[in-house]
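S.K.: So that we are looking at the same thing, I have put the structure below in structure tokens.
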Amino acid sequence: MLQTYVHGKDAAACLESICTADISGLLSGSGTLTVFTNEAGGILDDLIVNKVSEKELYVVSNAAMKQQDMGIMESAVSNFKSQGKDVTIEFLAPSEQSLLAVQGPQVATELAQLLPKPELLRQLYFMQTLSTPLADLPNVRITRCGYTGEDGVEISVPSNRVEQLTEALLESGKLKLAGLGARDSLRLEAGLCLYGSDIDEHTTPVEAALSWLVAKRRRTALDFPGAAAIVRQLKVGVQRRRVGLQTLEGAKSPPARASVDIYREGKLVGQVTSGCPSPSTGRNIAMGYIAETWKAPGTRVELKIRDKFYEAEVTKMPFTKANYYNKPKQ
């Protein structure tokens with residue numbers, strides 16, 4: 001992942017000029033998922049922006065889009081500086097800083113044992129961040145987030161100490177190493193998009209069922225790339241929408257992978273973007289884009305897999321209950 005710090009009293013306004021979030025409205029120590037957009041409203045990348053303080057942001061975006069994202073942020077910073085604004089940017093090189101994603105129901109218990117004050121985790125809710133000593137390492141940044149639908153954290157640690165921290169986390173034997181294949185099946189169960197598969201520069205937040213990423217204040221201000229196009233879609237609708245899908249024949253049907261066509265009454269109405277067997281539900285699940293007419297949960301469709309048709313239905317997402325550690329509602 002690309003890790004970035006943006007500094008200065010105009011840091012929030014600078015980032016808001018290229019994404020859809022209300023960063024200025026965030027409380028210090030909290031963060032939000034957002035997207036970079038182009039002038040047509042297409043999604044250039046998804047990212048998390050954390051407001052460390054009024055003058056410091058911590059941004060995590062996709063490694064695969066590193067060069068593009070660096071260019072987008074550098075251009076915004078350069079533009080603000082040319083207007084005399086107070087903003088600077090700092091990209092963390094992988095050789096200097098690593099990111100560990102630790103996910104699952106045992107994470108809080110195991111991580112608390114490595115903290116100087118175990119109660120810190122009880123006070124750190126989903127999408128909040130802090131800097132603390134951890135496993136004898138000073139000033140490690142812990143953000144309570146992840147891309148699996150489970151409780152968990154992402155830990156930013158100096159690369160020359162990442163092996164030490166990993167060994168400390170694994171020492172009890174209750175946490176295990178896992179590859180991207182496990183992460184991919186879990187994020188799909190959680191109904192979470194993968195950039196380049198489920199969202200891209202030709203997909204708007206409205207089409208992707210991600211309208212909630214476009215903050216209310218920003219819809220009124222219309223001050224981010226593609227704002228007019230996105231707000232117009234919010235008002236008049238779109239032709240296609242991202243939906244969840246599940247096959248109706250259980251293990252008898254193969255999983256629907258990316259590019260599988262979706263049919264309704266013999267007509268092509270959409271296409272799958274991600275799919276896999278769901279380890280938690282025992283079903284074959286997928287997500288994809290379908291004509292707006294057929295987006296309602298329960299709609300019966302057919303998936304054309306290897307020249308054969310298999311019955312499926314549109315379903316709500318997530319496919320499994322999210323287990324984020326959310327702050328109790330007042």
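S.K.: Output the antiparallel fraction of DSSP beta bridges having both residues in region 97-172, as a percent to the nearest 5.
M.R.: Close to 100 percent.
S.K.: Further question on the same structure: Hey, which aspartates and glutamates would be in cross-link range of residue 295, C-alpha to C-alpha under 13 Å, not counting anything within fewer than 8 residues on its own chain?
M.R.: 207, 313
S.K.: Can you list the residues, at least 5 places off or on another chain, whose amide H is less than 5 Å from the amide H of residue 45, using H built in the peptide plane?
M.R.: 36
S.K.: How high is the relative contact order of the chain, in percent, counting Cα pairs under 8 Å that sit 6 or more residues apart?
M.R.: Details: 697 pairs, mean separation 56.2, N = 330.
That works out to 17 percent.
S.K.: Computed from the coordinates I sent, Cα extents along the principal axes in Å equals one of (1) 107, 59, 35; (2) 181, 41, 31; (3) 60, 53, 42. Tell me the label.
M.R.: The value matching this structure is (3).
S.K.: Checking the table 176/252; 267/304; 85/216; 174/327; 51/85 against a 22 Å threshold on Cα-Cα, which pairs fail? Walk me through the numbers before you get to the answer.
M.R.: Details: 176/252 32 Å; 267/304 11 Å; 85/216 25 Å; 174/327 26 Å; 51/85 18 Å.
Too far apart for the 22 Å limit: 176/252; 85/216; 174/327.
S.K.: Helix-only mean residue ellipticity at 222 nm, the chain, DSSP H runs n ≥ 4 weighted -39,500 (n - 2.57), per residue, nearest 500. What is it? Mind dumping the intermediate values first?
M.R.: On the way: 7 runs with 64 residues, N = 330.
Estimated from H runs of four or more residues: -5500 deg cm²/dmol.
S.K.: With N residues in region 1-100, what two-decimal value do you get for its Cα radius of gyration over 2.2 N^0.38 Å?
M.R.: 0.99
S.K.: Residue-wise, which Karplus ³J(HN,Hα) couplings in Hz belong to region 140-157, taking 6.51 cos²θ - 1.76 cosθ + 1.60, θ = phi - 60°, and x for glycine or proline?
M.R.: Once θ is set to phi - 60°, the couplings for region 140-157 become 8, 8, 10, 10, 7, 6, x, 10, 10, x, 9, 4, x, 9, 10, 10, 8, 9 Hz.
S.K.: Then there is this: I need the GluC sites (Glu not before Pro) found in region 1-97, filtered to DSSP loop residues with at most 15 other beta carbons within 10 Å of theirs.
M.R.: Values: sites: 16, 39, 54, 56, 74, 90, 96; in loops: 39, 54, 96.
Hits after loop and neighbour filter: 39, 54, 96.
S.K.: Show me 79-89, 308-318, 42-52 ranked by packing, highest mean number of other Cβ atoms within 10 Å first. Walk me through the numbers before you get to the answer.
M.R.: Values: 79-89: 14.5, 308-318: 16.3, 42-52: 22.9.
Packing order, densest peptide first, comes out as 42-52, 308-318, 79-89.
S.K.: What is the spin-label model distance, in nm, from residue 139 to residue 249 if the labels are put 7 Å beyond Cα along the C-beta direction?
M.R.: It works out to 5.9 nm between the two label points.
S.K.: Normalised by the residues of region 97-172, what does the relative contact order come to in percent, with Cα pairs under 8 Å and at least six apart?
M.R.: The normalised contact order for region 97-172 reaches 38 percent.
S.K.: Next question, about the same structure. Please sort 114-122, 191-199 by packing, taking for each peptide the average over its residues of neighbouring beta carbons within 10 angstrom, highest first.
M.R.: Values: 114-122: 13.7, 191-199: 20.0.
By packing density, highest mean first, the sequence is 191-199, 114-122.
Quick note: the coordinates plus some simple rules give every number you see, no bench work behind them. The structure presented is a predicted model; accordingly, all values stated were derived computationally and were not measured. Cβ coordinates were reconstructed from backbone atoms using ideal geometry, including for glycine residues, and neighbour counts include every protein chain displayed.
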